[in-house]
Amino acid sequence: RSANILLYSVILICCATCTKIIEIDIPAHEPKLVVNSLFTDGQRIRVHLSKTASAFDYSTPVVEDGLIRLFCNDEEIDTLIFNNGYYYSDVVAQRKEKYSLLVSTPGLGEVSSEDSIPEKTLIESFVHRDSVMMNDNNYPVMQLELGFTDKSGRDFYELSVVAEYYVDVDLRRQNVGFKYSTDPVLVSTGLIDYYSESIVFTDELFDGQQTSIKANYWIQTGEMPLIGEGPEYGYTLFISLRSVSESYYNYIRKQIIYQYSLESNIFTGLPDPVHMYSNITGGYGIFAGYSSDNKTINVVIR
């Protein structure tokens, strides 16, 4: 026993003597402006303005003293007004017009960006199919098939589906997951396994054609309500097919990968660093346009 105590003491001494303090010279943080605005037709342009923070600051410093000038086709048309965390324009955005921002604030210099709202793509048909398969957790996987006609030339899309349902008297809303989709267009994005709340894709496989995509989805809940006395349940789907700009597409694609990386750890595997896309010259963030066609489906499963 004495030998064991002596050995343990030696190990402690060795560990103590192996300790070394390393000083890291971290450069001083130089803040940059961050501009965030996703805008669509028929609505006023709204901008969130903040600045970058150091790695040890977990806050989001909002900039309230910025000057944001709005241009349409290179002609200045408005100066945005700050109200309750956002800057608002009185101008209602329109499709196919080029909008530009010129943003300045004391001590942080000037940044700029430009983008436009693509023409709307209409949902021409939709079919809902119940329980096309079961997922790994034995939940039913549904299928939503959307038909539309793509315009000639390179186009970008986003599909978002929100499910709304009641649990007792409580109304619940959540984005569905597309993890189990097998449609070639959606699979080609490489985003199916990222558990994203929406999915972006291009028209590379159907440029200028009438097409349809089959989005397999599931709702991650064990609380799907029953209707009446029998084994029935129902919910409402709010479907949005967005025609988005290239900048919008690049930003959301990177955001999906980044959000997924936040859920990773040493047990599931640490991903490579994700560099977020930005189209803000001189700063960070996004200024991008989209148009959308929306449908609502009431789903009753018997």
Subset of the stretch 161-195 that is part of a loop (DSSP other than H, G, I, E, B) and small (G, A, S) - its residue that is most open to solvent (accessible area, probe 1.4 Å): S188
With (1) out of contact with any Lys or Arg (no Cβ under 8 Å at 6 or more places or on another chain); (2) open to solvent by 40 Å² or more (accessible area, probe 1.4 Å); (3) not hydroxyl-bearing (S, T, Y) as the list, and D155 as the residue in question, which single condition is left unmet? (2)
Across the stretch 269-280, what is the number of residues that are open to solvent by 100 Å² or more (accessible area, probe 1.4 Å) and at pLDDT below 85? 3
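The values are calculated or read from the model by the stated rules, or taken from the named source; none is laboratory data. From a predicted model like this one, the values you see are computed outputs, not experimental measurements. Counting neighbours? That spans all protein chains shown, and the Cβs are built from the backbone with ideal geometry, glycine included. SASA here: full protein model, heavy atoms, side chains in, ligands and nucleic acids out. Shrake-Rupley method; radii C 1.70, N 1.55, O 1.52, S 1.80 Å.
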